[in-house]
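Everything below concerns the one structure shown next.
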């Protein structure tokens, strides 16, 4: 029997065959042993918050907030949670694959996390409401996400070695997100890297500055707290690293397109969003 060929998703560009489900969840602070039977389907997963290390037989990578994670059908892996939060939105589907070929699981940093998250949430809402043509609507959004992933990969290839240089820094950012004194010097000191090189490398890999990245993570976390709690905006601002609630409100509107109070009203009227 010939050995199965493993190909990168962006090299093969297969067609999507079936759409199965879209879900949102939080993973507890535990590690998971390697799967015994492999995944039943392919999946695109948007990491809303936190980070997770995925270990395969021959490789490993960290998926973090703002990334699109691709997990291939049949793949075996173990997971190790990093930090206290890991929230995701997952779309399960299947690709049409040539006989004897499988896809390599991978992670793809996004340039516009807000846009990507909105696509996943739109797909989830379509699936939950189950209106006529729900599957077709979800498939349409899924292809939009797939196309965005292909554009990201082809427009700005960054060697995996450079991404890995930043893994510990990103984990440090995630674990200290609520610290209002979190700074670039503190982050670079934790990973033994010069500030100038860190800033240059970070922008090359993520297409945003470290400060923009941190603020995006903080606002994403704030959105979850607004959706899931009745806490005051002053309390939420402090939990995500803003000492000044007025600055938090300005930053929230800049990133989310509405004020925290407007966002809470939207969530109250549309709890599945």
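The values are calculated or read from the model by the stated rules, or taken from the named source; none is laboratory data. A quick note: this is a predicted structure, and the numbers were derived from the prediction, not measured. So basically every Cβ, Gly included, is an ideal-geometry build from the backbone, and we count neighbours across all protein chains shown.
Do we have any residue at all in the stretch 134-153 that's in a loop (DSSP other than H, G, I, E, B) and at negative phi? No - not one qualifying residue is present in the stretch 134-153. When residues in the stretch 83-100 are screened for being assigned to a strand (DSSP E or B), modelled with pLDDT under 90 and over 14 Å from the mean Cα position of the chain (by Cα), 2 of them pass.
Looking at the stretch 126-134, can you tell me whether even one residue there is crowded, with 18+ Cβ neighbours inside 10 Å and either farther than 23 Å from residue 224 by Cβ or at pLDDT below 90 (or both)? So far as the stretch 126-134 goes, yes, one or more of its residues are crowded, with 18+ Cβ neighbours inside 10 Å and either farther than 23 Å from residue 224 by Cβ or at pLDDT below 90 (or both). With respect to (1) within 22 Å of residue 170 (Cα to Cα); (2) surrounded by 19 or more Cβ atoms within 10 Å (Cβ to Cβ), the lone exception for residue 239 is condition (2). Of all residues in the stretch 21-34, none are without any contact (Cβ under 8 Å) to a residue 24 or more places away in the chain and closer than 27 Å to residue 205 by Cβ.
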